[in-house]
Structure formats: structure tokens, C-alpha cells
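Right, one structure below, let's go through it.
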Amino acid sequence: SGVQGKLDVLARHCGAEGRDYARIRKTILSASDPLADPDAFLHEMETYAAVGVDLVHLMPPGPDPAAFAAGLGDYVIPRLAEISA
């Protein structure tokens with residue numbers, strides 16, 4: 001994936017600079033709407049986790065970020081936590 005390629009570049013730079021790649025938190029910003037299709041979102045997050053992504057930031061779509069956050073808490077985050085378990 002494109003993310004895997006970027007992480008490979010980061011690992012090479014870490015090696016060249018003597019930095020411990022494992023100590024860097026790998027983070028992405030996702031524009032996906034996890035509430036529109038939770039299964040597809042979770043599959044996408046599994047793919048990112050498999051290449052070493054540790055943290056995902058989400059941007060709430062639409063005019064009601066509070067409802068978005070509530071939906072995440074109710075429908076997505078419990079399932080997302082299972083990926084890292």
C-alpha cells in the first residue's frame with residue numbers, strides 16, 4: 001500500500017540516522033466515514049494495523065460532530081478495539 005511504502009522510507013531514514021523505528025508512533029489521518037460502512041472501515045483499519053500503523057485520526061463528516069462521536073463510541077470503537085487485541 002502507499003502507507004507501507006512511506007513506512008519503509010521512514011524505516012530507512014531511521015536506520016540512516018540511528019533512530020529506533022519501533023519507538024515512533026505511526027499515525028494516519030483518515031477521511032473515511034466509519035459510520036457509513038463500519039465493516040469496510042474496520043477492514044481498512046486492519047490493513048493499516050498490519051503494516052504498523054498505531055493511531056488513526058478521523059475527521060467528522062457532516063454538520064454534527066457530536067453525533068459522529070456518539071456513533072463511533074456505540075458502533076465502531078468496540079469493534080476497532082478487537083483489532084489490537
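The values are calculated or read from the model by the stated rules, or taken from the named source; none is laboratory data. This structure is a prediction, so every number in the text was calculated from the model and none was measured. The accessibility values were calculated without ligands, DNA or RNA, using every heavy atom of the protein model including side chains. Shrake-Rupley method; radii C 1.70, N 1.55, O 1.52, S 1.80 Å.
Below is a table of values for the structure above.
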{"item": "Qualifying residue in the stretch 45-58 (condition: farther than 26 Å from LYS6 by Cα, of a type in the set (Phe, Trp, Tyr) and at pLDDT 90 or above)", "result": "no"}
{"item": "Single unsatisfied condition, ALA67 versus (1) farther than 17 Å from THR27 by Cα; (2) of a type in the set (A, V, I, L, M); (3) open to solvent by 60 Å² or more (accessible area, probe 1.4 Å)", "result": "(3)"}
{"item": "Residue selected from the stretch 12-61 under the condition among the β-branched types (Val, Ile, Thr) and open to solvent by less than 60 Å² (accessible area, probe 1.4 Å), by the criterion farthest from GLY73 (Cα to Cα)", "result": "ILE24"}
